[in-house]
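The values are calculated or read from the model by the stated rules, or taken from the named source; none is laboratory data. It should be emphasised that the depicted structure is a prediction, and the values quoted were computed from it without experimental measurement. Cβ placement follows ideal geometry from the backbone for every residue including glycine, while neighbour counts extend to all protein chains displayed. These area figures cover heavy atoms from the full protein model, side chains too; ligands, DNA and RNA do not enter into them. Shrake-Rupley method; radii C 1.70, N 1.55, O 1.52, S 1.80 Å.
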Amino acid sequence: MQSHSMTDMISIENLTVDFGGFTLFDGISFTVNKKDRIALVGKNGAGKTTLLKILAGLQAPTSGTVGISGETTVGYLPQQMQLTDSRTVIGEAERAFDHIRRMEEEIGRLNEELNRRTDCESEAFHKLIDRMTWLSEQFQMSGGTNFHAELERTLTGLGFTRGDFDRPTSEFSGGWRMRIELAKLLLEKPDVLLLDEPTNHLDIESIQWFETFIATHAGAVILVSHDRAFINNTTNRTVEIELGKIYDYRVKYSEYVTLRRERREQQLRAYENQQKKIADTEAFIERFRYKATKSIQVQSRIRQLEKIERIEVDEIDTATLRLKFPPAPRSGSYPVIAENVAKRYGDHSVFSGVTYTIHRGDKVAFVGRNGEGKSTMVKCITGEIDCEGKLSTGHNVKTGYFAQNQAELLDGNVTVFETVDLVAQGDIRTRIRDILGAFMFGGEAADKKVKVLSGGERSRLAMIRLLLEPANLLILDEPTNHLDMRSKDVLKEALRDFDGTVIVVSHDREFLDGLVDKVYEFGNARVKEHLGGIYDFLEHRKIESLRELERRTPAGNRLETAPAGEKTLPPPVKRSYEEQKEQNRTVRRLEKNIAEAERKIAQLEREIAETERQMSTPEGAANAALYARHETMKQQLSETMNQWTEQTLELEHVLS
């Protein structure tokens, strides 16, 4: 174990990792402090996941040390994991509190031993008391046995309903079971959270809840994510892995992008100067190599050349590639018309009474919690499944459809290059390798057989193929899950330039921002149309959320679709005048408390932002009182958030 400063939780010193002659990390060092929120960035294959595994203790480095201080606990959420299916949702989530039960048992054992012993003055007795004191403090800090409210808050924040709690986990998809694993990890409250692509299985509402959780409840966080908005909202430090080295920027991702561009420009200038110096030196050697009078100077220049440490310039960002869709025949004015569309599985209504029209050239997003029918609607539009009501595609509509299962339809016996070459037409054929590079199939990867590719690689390849086939209605279901930021930029630009119609199912706000001009929200068996971009929708959604609570029905009694703007209420419950009066009083009290909490949250968030601005100045960085105030306000924000959640859940219960 290494020695640390008081604030260091993890210390990485001179870490090297070699894989069969290839050096992934070359003597890297950095420390992780309390409340550090670190985004690990770098190209795919740079070693981000490997570094997380080393920090989690699941993989050993070739050399160097990872020191974890004192009682620091580390929790790790991998991209994929083996999931067990032998419990209910709540039973599985409660396993997060096994450590509390173990503490309780140890406190009981220590109590018995202290009562038995008579050597009250001995060092051993004092050690037992110290251990007992520390354990009791930890037990209280962990909430003791009062963890059920927190457990419910976390599960509902991640999208589960109370009706889901007693269902077996085996009834849920892999993505939902990953949410249970995330809930367990958050409830265990490790001092350091290691998260590998945590938003891949979350919808927009859950991601926003998760961002708030990290801001108010988490300790140190190190995460890998290709979701720009998420890392911008959750991190304050960016560690870039590039060619085996790391570059540590004490800023959030958006500021890092600017600093990195400046660094590359400096590198380029230094590289050009060095190249000129090398060329001049080589010219001198060549010119005087055979002149005896100059032999000492020539030898000196040769030694100089050997000693020069060659400057490397970061690879140019492939996002500069402009990908243009092939021209497609013009479709009719209304590519998709839905009238009173419904889909049921047995007694379960996915959605009903859905009516909307998508115009030619529209770029729209389907959003909402997982399981509310977004992908089902997409399959209805493409004809993959049938539905009730009238759902028609317009004249001359040629649909290009991307879903995760498209990857399974690729021919495994051809190469990556051949897969794309088979569909590419015209000028684009000369740029196939550029396009493959932009989607992370650079160099030799283009010559791999499809059958050896991972699931994520196949998804990317299916996406490239779709982009090169002529279509005038593109339907993309979670297109960004396996793309890095550069690839997402290429795809987004191509979609923005596309003159056809686009429907995107996505939870990636940054990707949707500036791309879509209409949002369809799926929820409670309804589909609501919102005009404007994704952030307009999210702003509107916050305003609506309290009124939405009033419209909710008990679990299992879903609402029918209401026309846009029309308020739908559950059937009234017969109550006496006194009961109704009492309920109205309770609702008013709760609404007042919720509004007050929201006002306080907004004020605290403003004050925290201003304090963080001051802390980023040289004077502020040295001001201990400022840091203490910042910590106090964070604590107040956390408590107010908890109050808001409790009051909101109570209001929901009163109105149901």
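In table form, for the structure just shown:
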| item | result |
| --- | --- |
| The stretch 376-517: equivalent-ellipsoid semi-axes (sqrt of 5 x gyration tensor eigenvalues, Cα, Å) | 26, 17, 15 |
| At R0 = 25 Å, FRET efficiency that the Cβ-Cβ distance of SER454 and LEU268 yields, to 0.05 | 0.15 |
| The stretch 1-104, Rg to Rh (Cα coordinates; Rh as Kirkwood inverse mean 1/r) | 1.03 |
| Per-selection Rg to Rh, the stretch 379-428 - Cα, Kirkwood hydrodynamic radius | 1.10 |
| Backbone N under 17 Å from the GLN635 label point (7 Å along Cα→Cβ), restricted to the stretch 196-221 | 216-220 |
| SER638, SER122, ranked by accessible area, largest first (probe 1.4 Å) | SER122, SER638 |
| Span per principal axis, largest first, for the Cα atoms of the stretch 214-370 (Å) | 97, 52, 27 |
| Antiparallel bridges, percent of DSSP beta bridges restricted to the chain (to nearest 5) | 55 |
| Whole-Hz ³J(HN,Hα) from phi, Karplus 6.51 cos²θ - 1.76 cosθ + 1.60, for the stretch 435-442, glycine and proline x | 5, 4, x, 5, 9, 6, 10, x |
| Unit Cα scatterers, Debye sum, the stretch 88-233: log10 I(q)/I(0) for q = 0.15 Å⁻¹ | -0.81 |
| Solvent exposure ordering (accessible area, 1.4 Å, most first) of LEU461, LEU58 | LEU58, LEU461 |
| Amide H contacts under 5 Å for LEU24, placed H, 5+ residues apart | VAL17, ASP18, PHE19 |
| Debye log10 I(q)/I(0) for the stretch 580-641, one point scatterer per Cα, at q = 0.27 Å⁻¹ | -1.02 |
| Option label - Cα extents along the principal axes in Å computed here, alternatives (1) 99, 98, 55; (2) 109, 104, 51; (3) 114, 91, 49 | (3) |
| Filter on LYS379/LYS542; LYS252/LYS592; LYS53/LYS542; LYS189/LYS379; LYS343/LYS518; LYS189/LYS528 - keep pairs with C-alpha separation over 31 Å | LYS252/LYS592; LYS53/LYS542; LYS189/LYS379; LYS189/LYS528 |
| Estimated 222 nm signal from helices in the chain, with DSSP H stretches of n ≥ 4 weighted -39500 (n - 2.57), rounded to 500 | -14500 deg cm²/dmol |
| Accessible-area value, THR118, 1.4 Å probe, nucleic acids and ligands omitted, Å² | 130 |
| Extension gain (nm, one decimal) between GLN425 and LEU259, 0.36 nm per residue minus Cα-Cα | 55.8 nm |
| Nearby lysines by direct alpha-carbon distance to LYS291 (threshold 24 angstrom, same-chain neighbours under 8 apart not counted) | LYS276, LYS277, LYS307 |
| Apportionment of accessible area to carbon and sulfur, the chain, percent (1.4 Å) | 49 |
| Loop GluC sites (Glu not before Pro), the stretch 323-422, which have at most 14 other Cβ atoms in a 10 Å radius of their Cβ (DSSP) | GLU384 |
| Accessible area expressed per residue, the chain, with surrounding protein chains retained (probe 1.4 Å, Å²) | 51 |
| Sequence-distant lysines (8 or more away, or on other chains) whose Cα lies within less than 21 Å of LYS324 | LYS363, LYS398, LYS488, LYS492 |
| Net charge of neighbours whose Cβ lies under 12 Å from the Cβ of GLU286, counting Lys and Arg as +1 and Asp and Glu as -1 | +3 |
